[in-house]
Amino acid sequence: MGSIADADGIFPTRRRVRQQNLGAIAEAARSVPILRECDVLVVGGGPAGSAAATAAARAGADTVLLERYNHLGGLATGGLVIWIDRMTDWSGNLVIRGFAEELLSRLPASTVKGPARDILGSTDAALVEHWRRRSSAHHGVVTLAPTIHPEHLKTESQRLVLESGAELVLHGWAAEPVLDEAGAVSGVLFESKEGRRAIRAKVVIDCTGDGDLFYRAGARTDADIEKSSIHHCMNTSWLFGGVDMKAWLAFRYGEPQAFAAFMEAGRHASPLGFEKPVISWDDGIALFMGPRLSGLSGVDVLDLSEAEIASREAMLAHLAFYRGNAPGFANAELLQAGSQLGVRHSRRLVGVARVTRADWRSGGSSETEIGLSPSLAPQWPSLSVPYGCLVPETLDGLLAAGRHVSCDPTSHSILREIPQCWLTGQAAGVAAALAVSKNIPPRAVEMADLRQVLRRQGVLLSAEDAPPRTAACAGTRRG
C-alpha cells in the first residue's frame, strides 16, 4: 500500500512562532455610519443564528441577521458537517423540534438519508446494524441522525429566515460590540466591502460560535477542555464523489482482517491521522470529517491558517491512498472541501446557569427549560437545557446561542452539536423578542412567557408535553 506521506508530501501540523515586541499602531478615532437600527440583531448565520433570527421575527421583533459568508447554515453547510447528530430519544421520540423539525421537513427526500419514521427507536438487530453502518443507530437503537445535502440546507435555511420577515445581511464580519453608557451591548460594528459600518439593536444575539461579541464586551468566558475528547479538535471536512459506498461497506464489514490491515497501513502512512469515510445522503459521495487536529486554537489566526493548510494536504493525501487501496474508491474524485473550518470549541460563556455532567443523570431542572436534548446514553433521561446558559453573568443587552453556551467541558460535547444549536438559537430569538416587546433586559424575561411562545413555535418542553412518536422529517428514507 502506498504511503500518504510519500504520495503527497503531507506534513505534520506546525505551530508558527509569532514575532514578538513589534509594538502597536494607534488607530485614529472616526465616525462609523449606521447601516440599520432594529429590535434584534443576530450575529452569525449558522444553525443557531438561522433559528434565532427566524424565531425572533416570528415573535414580532424587527430582526436583522448578519453573516460573514455568502450562505446560512454555518458548519452544517459550509463546514460540511452534514451528518446531523441525534434528534430522537432512546424510545424513538423526536425531542428536538420547533425550527429544527420544520427545517428538515422542507428538504427534498432525495437530499436526506436517514431511517424511516416507523423504525425510529427500534432495537431489531438487522435494522440496528444497517443504520449503525450509516451513523444513525447508537447503543443498539435506531435513531434520527440523518445526513443531508449541504446546498439544500443552505437554501431552506435562507428561505425560513426571509419568510419570517427577518432581514439578511451577508458578507459582513462583526468586529466589535457597541456598548452604551451603562456597559450594555447596544449594537455591533462590522466590516464589509463598504468599510466599517454599525447596526444598532435593542438586543444582540451572539451566534458566532466562538463568543466573539460577549468576549470583546468583557463577559467572563471558560476555555477548559477534556484532552481525551475530540471536542477541542479542528479540521476542514471534505467530500469525495465517484465512490461505491456499497462496495466499501462490504469490504469494511465483510472482510475484517483485510480492513484491519488497510487501517493499519493508513495510520502508519499518515502523520496527521487516518480517517474513515461517513456515508452521505448519496451512496456515490463519501464524507470525511477529519483528520482531527489538536493543539491548535480556534481563535488564533495563525493556528486557523495552519489547520486549513494541513487539512487540505490531508484531503489530497487521503484521495491518493483511498484510490490506490480502498474497495469502492478506485474512481473517487475530489468533489468539495468545506468553505468553513470545523472548529468545535474555543470559548464558552460563563452564564447565569450552566449545564454540567451532574445534570445528565437527573435530566436537569425543567423550571427554566428552553428545550430538551437527547441524552448521551440510554441510561440517562433527556437533558433539560436551561435559559440561564444563554444569559451572561452580568452583561446586559446580549444573549448567546450555539456551541459557546454556558456548560462544562463534558456537556459541551453534546451541546455543540447542530440540533442543540437549533434549539438554543430558537430560544434566544424568542427571548430577545420578548425582552424588546416588554422593554426589559433579556435576563428579566418571564419564563412562563418564554415557554408559552416556544411551545407555540413547536418546541418540545419537559415531560408534560407528550413527544410525537415519529419524526416529521419528510426527507428520511431507507438506504
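Summary of computed values
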item: Residues of segment 75-118 classified as closer than 28 Å to VAL43 by Cα, open to solvent by 10 Å² or more (accessible area, probe 1.4 Å) and small (Gly, Ala, Ser), total; result: 1
item: Members of segment 372-386 that are more than 23 Å from ALA223 (Cβ to Cβ) and either touching a Ser or Thr at 6+ places or on another chain (Cβ under 7 Å) or in a strand (DSSP E or B) (or both); result: LEU372, PRO374, SER375, PRO381, SER382, SER384
item: Any hit, segment 298-315, residues being in a loop (DSSP other than H, G, I, E, B) and more than 20 Å from the chain's Cα centre (by Cα); result: no
item: Sole exception among (1) open to solvent by less than 10 Å² (accessible area, probe 1.4 Å); (2) modelled with pLDDT under 95; (3) part of a loop (DSSP other than H, G, I, E, B) for HIS404, by number; result: (2)
item: Evaluation of VAL243 against (1) at pLDDT below 95; (2) among the aliphatic types (A, V, I, L, M); (3) open to solvent by less than 20 Å² (accessible area, probe 1.4 Å); (4) part of a loop (DSSP other than H, G, I, E, B) (one fails), failing number; result: (1)
item: Tabulated pairs, segment 105-134, first touching a residue at least 24 places away in the same chain (Cβ under 8 Å) and under 15 Å from HIS149 (Cα atoms), second hydrophobic (A, V, I, L, M, F, W, C) and surrounded by fewer than 18 Cβ atoms within 10 Å (Cβ to Cβ), C-beta under 6 angstrom, 6+ apart or interchain; result: SER105/ALA472; SER105/ALA474
item: Test for GLY273: is it assigned to a loop (DSSP other than H, G, I, E, B), surrounded by fewer than 17 Cβ atoms within 10 Å (Cβ to Cβ), at pLDDT below 95 and touching a Leu at 6+ places or on another chain (Cβ under 9 Å); result: yes
item: Residues of segment 280-317 that turn out to be open to solvent by 40 Å² or more (accessible area, probe 1.4 Å) and either at pLDDT 95 or above or within 23 Å of VAL243 (Cβ to Cβ) (or both), as a count; result: 6
item: Scan of segment 318-340 for residues that are touching a Ser or Thr at 6+ places or on another chain (Cβ under 7 Å) and open to solvent by less than 20 Å² (accessible area, probe 1.4 Å), ordered by number; result: GLY338
item: Some residue of segment 438-445 being among the hydrophobic types (A, V, I, L, M, F, W, C), closer than 17 Å to ALA55 by Cα and free of Cβ contacts under 8 Å to residues at least 60 places away in the same chain; result: yes
item: Subset of segment 104-120 (residues that are in a helix (DSSP H, G or I) and closer than 17 Å to LEU80 by Cα); result: LEU104, THR111
item: Condition check for GLU37: among the acidic types (Asp, Glu) and surrounded by 24 or more Cβ atoms within 10 Å (Cβ to Cβ); result: no
item: Checking SER31 against (1) among the hydroxyl-bearing types (Ser, Thr, Tyr); (2) in a loop (DSSP other than H, G, I, E, B); (3) crowded, with 19+ Cβ neighbours inside 10 Å, the condition it does not meet; result: (3)
item: Residue list for segment 216-240, restricted to those being part of a strand (DSSP E or B), hydrophobic (A, V, I, L, M, F, W, C) and within 20 Å of GLU306 (Cα to Cα); result: MET234, TRP238
item: Test for LEU398: is it among the hydrophobic types (A, V, I, L, M, F, W, C), touching a residue at least 24 places away in the same chain (Cβ under 8 Å) and open to solvent by 30 Å² or more (accessible area, probe 1.4 Å); result: no
item: Filter result for ASP224 (surrounded by 15 or more Cβ atoms within 10 Å (Cβ to Cβ), on the phi < 0 side of the Ramachandran plot and not aromatic (Phe, Trp, Tyr)); result: no
item: Single residue of VAL64, VAL95, VAL142 found to be among the β-branched types (Val, Ile, Thr), farther than 25 Å from VAL203 by Cα and in contact with an Asp or Glu (Cβ under 6 Å, 6 or more places away or on another chain); result: VAL95
item: Total residues in segment 355-371, condition surrounded by 19 or more Cβ atoms within 10 Å (Cβ to Cβ), part of a loop (DSSP other than H, G, I, E, B) and in contact with a helix residue (DSSP H, G or I) (Cβ under 6 Å, 6 or more places away or on another chain); result: 0
item: Residue list for segment 271-303, restricted to those being more than 29 Å from LYS113 (Cα to Cα) and touching a residue at least 60 places away in the same chain (Cβ under 8 Å); result: PRO271, LEU272, SER294, GLY295, LEU296, GLY298, VAL299, LEU302, ASP303
item: Matching residues, segment 407-430, being outside any helix (DSSP H, G or I) and crowded, with 24+ Cβ neighbours inside 10 Å; result: CYS407, GLU417
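The values are calculated or read from the model by the stated rules, or taken from the named source; none is laboratory data. This one's a predicted model, so the numbers in the text were calculated from it and none came from an experiment. Cβ sites come from the backbone with ideal geometry, for glycine too, and all protein chains shown count toward neighbours. Note: areas computed on protein heavy atoms with side chains; ligands, DNA, RNA excluded. Shrake-Rupley method; radii C 1.70, N 1.55, O 1.52, S 1.80 Å.
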